[in-house]
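For reference, the structure is listed below as structure tokens.
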Amino acid sequence: NDDIISFSHLRDQVHRRTTKQVFEFTIMVVGESGLGKSTLLNTLFLAELYKDRQVHRVQENLSQTTDIEVRQINMTERGVKLRLTIVDTPGFGDPVNGEECWKSIVEYVDHQMDQYFHAESGLNRKRIQDMRVHCCLYFISPYGHGLKPMDIDLMKRLHNKVNIIPIIAKADILTSTELKNFKQRILYELAENKIHIYSFPQSDSDDEDEFHDEDQDLRSAVPFAVVGCDSIVQTDGKTIRSRTYPWGIVEVDNPEHCDFLKLKKTISIHMQDLRNITSEVLYENYRAELLSNEDS
Ligand code: GDP
Ligand code: MG
């Protein structure tokens, strides 16, 4: 099924050994409210999956004021068992949630690291459920002039704990020239504020890697400009996911219209790398810090 994240992109990075285990991956969306986070998650995974797959709602055991929604999807693809965890967060910036909301996001990420740490230090280490967040899609408003102070602040709180992939929300409201400038502006501001975003693994340029061009193409699209689907249009027997306007439609899966496909590809191609960075770099830092705090 091409409409969901396809794990066939996993390019042999999942070893044979893994097939007996469950391949776990967690993705989280973060950003101001109303930017289309829930819509995008739906476009990426849920709408299609609700039909014939198993979706679990996971009990949240954080404080009640937070409204973080966690869902899990179990699937098997080419013999590999996958458990995808999807974390939808309430947007911040609306007066109801106020400041508490970003706190709950950071807490959630920390809490997953803590849980893993405790499980790892426990007796039964064979079956640790890995709920650490491997990828955070950070939604940037297309209405502003660039990053907002709130974005910079929250990204700085998150970037040492989770792989951030920046996204320009509601890209349909920008013209292509505006979008090009906006992307540059965002990249500039991220660098200026020393915010680390997920950097794709570099393929050797002398080594004529078959994926080199594709990687280049994906990398140059960052921050991905996305459009969430609101309608399904049937033309010539083809199903087109789109956003419909009085003047026409924006096709979600058309690379000429937005970067949705590129985002989807990036996640699926680099899933193993996102996991590795999470456990080998981000978690190790977290763990080291935790242990040094215990010592002192
Ligand atoms: P969230 O608060 O970030 O989860 O945002 P929602 O997914 O609930 O969407 C908020 C509103 O924005 C809804 O009315 C959506 O239909 C609309 N929306 C979602 N995605 C897009 C998009 O790509 N473009 C435009 N113009 N509107 C969108
Ligand atoms: Mg939402």
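Observations on the model:
- Residue within the range 268-275 that is polar (S, T, N, Q) and within 21 Å of His134 (Cβ to Cβ) present: yes
- Scanning the range 279-290 for residues that are surrounded by fewer than 11 Cβ atoms within 10 Å (Cβ to Cβ) and either touching a residue at least 12 places away in the same chain (Cβ under 8 Å) or of a type outside the set (Gly, Ala, Ser) (or both) yields a count of 1.
- A count restricted to the range 106-155 and to residues that are hydrophobic (A, V, I, L, M, F, W, C), in contact with a helix residue (DSSP H, G or I) (Cβ under 7 Å, 6 or more places away or on another chain) and more than 26 Å from Leu174 (Cβ to Cβ) stands at 7.
Residue-wise test of (1) modelled with pLDDT under 90; (2) over 17 Å from Leu263 (Cα atoms); (3) in contact with a Gly (Cβ under 8 Å, 6 or more places away or on another chain); (4) within 14 Å of ligand 1 (Cβ to nearest atom).
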| site | (1), (2), (3), (4) |
| --- | --- |
| Gln13 | yes, yes, no, no |
| Phe23 | yes, yes, no, no |
| Asn42 | yes, no, yes, yes |
| Tyr50 | yes, yes, no, no |
| Glu69 | yes, yes, no, yes |
| Glu77 | yes, yes, no, no |
| Val80 | yes, yes, no, no |
| Gly91 | yes, yes, yes, yes |
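- The listed residue being out of contact with any strand residue (DSSP E or B) (no Cβ under 9 Å at 6 or more places or on another chain), farther than 28 Å from Leu263 by Cα and at pLDDT 90 or above, out of Asp110, Asp114: Asp114
- Of all residues making up the range 134-151, the number that are touching a residue at least 12 places away in the same chain (Cβ under 8 Å) and not in a strand (DSSP E or B): 10
- Those residues of the range 222-244 which are over 28 Å from Asn163 (Cβ atoms) and within 9 Å of ligand 1 (Cβ to nearest atom), in sequence order: Asp230
- Filtered residues of the range 152-194 (kept if within 16 Å of ligand 2 (Cβ to nearest atom) and either surrounded by fewer than 20 Cβ atoms within 10 Å (Cβ to Cβ) or in a loop (DSSP other than H, G, I, E, B) (or both)): Ala169, Lys170
- Being more than 24 Å from Met271 (Cβ to Cβ) and modelled with pLDDT of 95 or more holds for only one residue in Asn163, Asn181, and it is Asn181.
- Of the residues making up the range 195-207, just one is at pLDDT below 80 and surrounded by 14 or more Cβ atoms within 10 Å (Cβ to Cβ), namely Ser203.
The values are calculated or read from the model by the stated rules, or taken from the named source; none is laboratory data. Everything quoted here is computed from the prediction, not taken from an experiment. Heads up, the Cβs are rebuilt from the backbone with ideal geometry, glycines too, and the neighbour counts pull from every protein chain shown.
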